[in-house]
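Below: one structure, written as structure tokens.
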Amino acid sequence: MSSEQTPAVPDPAGPRPRRLTYAAALTGLEGLALVVGGVWMLALGVGGDPDDRQQAVTGGVTLIVLALLPLLAARGLLGRRGWSRGPAVITQIMALPVAYNLLQADSVAIPAGIALAVVAVTALVLIVNGETTRALGIRGPGNADTGARK
């Protein structure tokens, strides 16, 4: 096999593209926000006076468990793992309806909805960027090296 036919594999020792770092930071920030929200709900459910203690505890535990997806994705993006792009994209797509619902509220939640929408769209753009895709070693359709080419 000649050097022209060898696929371009990202150099793990080379510098990580800034876009990939920013995408990982935003994804990790979303995961951290879920953990904080979950701990807050859990603390209110256990120590406070919630309307429904069981619902508050369940909601808190659910948010903490949901935080695993963006946190693992952020760690994978920082480590330049190709598998991490899928969970990162899923995290951003899941954040968009939440942001929309926050924007529909007639309360203090509107700024949170704006912030979440900006973070989700920005992270999504960074994750699907060509430079990020190449850094993760992801090849587009029809670019897979099947070994059958001459």
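The values are calculated or read from the model by the stated rules, or taken from the named source; none is laboratory data. Computed from a predicted structure; not experimentally measured. Counting neighbours? That spans all protein chains shown, and the Cβs are built from the backbone with ideal geometry, glycine included. All accessible areas refer to the heavy atoms of the entire protein, side chains included, with ligands and DNA or RNA removed. Shrake-Rupley method; radii C 1.70, N 1.55, O 1.52, S 1.80 Å.
Below, the figures for the structure above:
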item	result
Residues of region 12-52 satisfying the condition of being of a type in the set (K, R) and assigned to a helix (DSSP H, G or I)	R18, R19
2 or more residues modelled with pLDDT of 95 or more: qualifying helices (runs of 4 or more DSSP H) within region 54-150	68-78, 85-104, 109-128
Any hit, region 128-141, residues being surrounded by 12 or more Cβ atoms within 10 Å (Cβ to Cβ) and farther than 28 Å from P15 by Cα	no
Flag for G60 being in contact with a Gly (Cβ under 7 Å, 6 or more places away or on another chain) and either of a type in the set (K, R) or open to solvent by less than 40 Å² (accessible area, probe 1.4 Å) (or both)	yes
Check on A88, touching a residue at least 12 places away in the same chain (Cβ under 8 Å), in contact with a helix residue (DSSP H, G or I) (Cβ under 7 Å, 6 or more places away or on another chain) and open to solvent by less than 70 Å² (accessible area, probe 1.4 Å)	yes
